[in-house]
Amino acid sequence: MRPSTLLGDASRRLADAGVGSPRVDAELLLAHVLSVPRARLLTLDDVPDDVATRFGELLEQRADRVPLQHLTGRAPFRHLELAVGPGVFVPRPETEQLAGWTLERLSGMPAPLVVDLGSGSGALALSIAQEHPGARVVAVEHDPGAIEWTRHNAAARAAAGDPPVEVLAGDMTDPELLRALDGTVDVVVSNPPYVPDGARVPREVADHDPPLALWGGPDGLDVVRGLLGTAARLLKPGGGLGIEHADQQGSSLPALVRASGGWDDVADHVDLAGRPRFTTARRRCGRRVAG
Ligand code: GLN
């Protein structure tokens, strides 16, 4: 079958099903079934029948709003390609800048200590370890299903020669979490669950991302409230905090951080689409003046 016909039909099928980027998804699925890079499709003359059949099966699942990344089993994140599937939150491109902010904070530090709270696929932890060799990175994950993926990806990256990341089962709001590291961490970073309960999310998200990675209570900030205490305890004076948040939390999250006390340089940052995406702060240095 001619690839142009196949892809034309496929993108119409996905568009009719309400998929946001039908042509790209169709191309990526076909490239996946053929085990070739997407650019190779441009010079392809023919798609064998068995490939077309397999492609058709995956296309129907995508039309049923199974995430593209679950069908290919991979999600790109900065310089990584992470394994993903049922049970783990699919890393999003808008989180890449939070990793970038962290790496900027770490520049010039030969052996910084970084903690990623709610690591999921390991996207933040593993990209930071890869791009700042010398960092000690601890990835914390609470969800027993998700941590299988954190461990799998950490092992795969270590086997590929990246610096190892420590994976720890734990709850980011637990006052006992990583007690031994109190006051020693250079950067705490997190993409926590922050979607307000009841908010409308696409079917790919509602039906396939793990609930623990998404929902954050009535205003979406319940888990973040607990996470702030953990970060305050773990960070050394002057240490950095970076937390991703929802589009509507560009003022409420910075306000929450300011109100929790002991932070300087509280700032909010937009993503590449110009939407408020993450809040950063610096753990206050020095002693409080008495009197
Ligand atoms: N950004 C994610 C979404 O669009 C939510 C991520 C999260 O809660 N950490 O669904």
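Helical content of the chain, expressed as a calculated mean residue ellipticity at 222 nm, amounts to -12000 deg cm²/dmol (DSSP H runs of 4 or more residues, -39,500 (n - 2.57) each, divided by residue number, nearest 500). For region 134-226, trypsin sites (Lys or Arg not before Pro) are listed when DSSP marks them as loop and at most 15 other Cβ atoms sit within 10 Å of their Cβ; the list is ARG200.
Among the GluC sites (Glu not before Pro) in region 162-246, those placed in a DSSP loop whose Cβ has at most 15 other Cβ atoms within 10 Å are GLU176. Comparing mean-square fluctuations of PRO192, PRO67, PRO93 from a GNM of the chain with C-alpha springs under 10 Å, the top value falls on PRO93.
The length gained on full extension between ALA159 and THR184, counted as 0.36 nm times the residue separation minus their Cα-Cα distance, comes to 6.2 nm. For LEU82, the residues whose modelled amide H falls within less than 5 Å of its own, excluding neighbours fewer than 5 places apart on the same chain, are ALA75, PHE77.
With an 8 Å Cα cut-off and a minimum separation of 6 or more residues, compute the relative contact order for region 101-181 in percent.
29
Annotation for ASP16 and SER107: the two label points, set 7 Å from Cα along the Cα-Cβ direction, are 5.1 nm apart.
Net charge within 12 Å of GLY120 by Cβ-Cβ distance, Lys/Arg positive one each and Asp/Glu negative one each, not counting GLY120 itself?
Taking every Cβ under 12 Å from that of GLY120, the sum is -4.
Just the number, please: percent antiparallel of the DSSP beta bridges in region 160-281, rounded to the nearest 5. Roughly 55 percent of the DSSP beta bridges within region 160-281 come out antiparallel.
Beyond 12 Å, the tail of the calculated P(r) for region 215-263 holds 64 percent of the Cα pairs. Rounded to the nearest 0.05, the FRET efficiency derived from the C-beta distance between VAL51 and ALA83 at R0 = 30 Å is 0.85. Note that region 161-170 has calculated 3J(HN,Hα) couplings of x, 6, x, x, 10, 8, 10, 10, 7, x Hz, one per residue in order, obtained from phi through the Karplus relation 6.51 cos²θ - 1.76 cosθ + 1.60 (θ = phi - 60°); glycine and proline are x. Computed from backbone phi, the HN-Hα couplings of region 66-82 come to 5, x, 3, 5, 6, 7, 8, x, 9, 9, x, 8, 6, 8, 9, 10, 9 Hz, rounded to whole numbers (Karplus: 6.51 cos²θ - 1.76 cosθ + 1.60, θ = phi - 60°; Gly and Pro given as x).
Diffusion coefficient of the chain by Stokes-Einstein, Kirkwood radius over Cα pairs, 4 °C, 1.567 mPa s: 64 µm²/s. With a Förster radius of 25 Å applied to the beta-carbon distance between ARG2 and ASP64, the computed FRET efficiency rounds to 0.45. The distance from the alpha carbon centre of region 65-91 to that of region 156-206 is 17 Å, rounded to a whole number. Charge dipole of region 1-141 (Cα centre as origin; +1 on each Lys and Arg Cβ, -1 on each Asp and Glu Cβ, all else neutral): 240 debye, rounded to the nearest 20. Among PRO133, PRO37, PRO211, the largest mean-square fluctuation in a Gaussian network model of the chain, built with springs joining Cα atoms closer than 10 Å, belongs to PRO37.
A crude spin-label estimate for the pair GLU148 and VAL36, with each label 7 Å from Cα along the Cβ direction, gives 3.4 nm. From least to most packed, judged by other beta carbons within 10 angstrom and beginning with the fewest, ASP182, ASP268, ASP116 follow the order ASP182, ASP268, ASP116.
Readers should treat all values here as calculations from the given coordinates under stated rules, not as data from a laboratory. Since the structure is predicted, the reported quantities are computational estimates derived from the model, not experimental observations. A quick note on method: Cβ atoms are made from the backbone with ideal geometry, for glycine too, and the neighbour counts reach across all protein chains shown.
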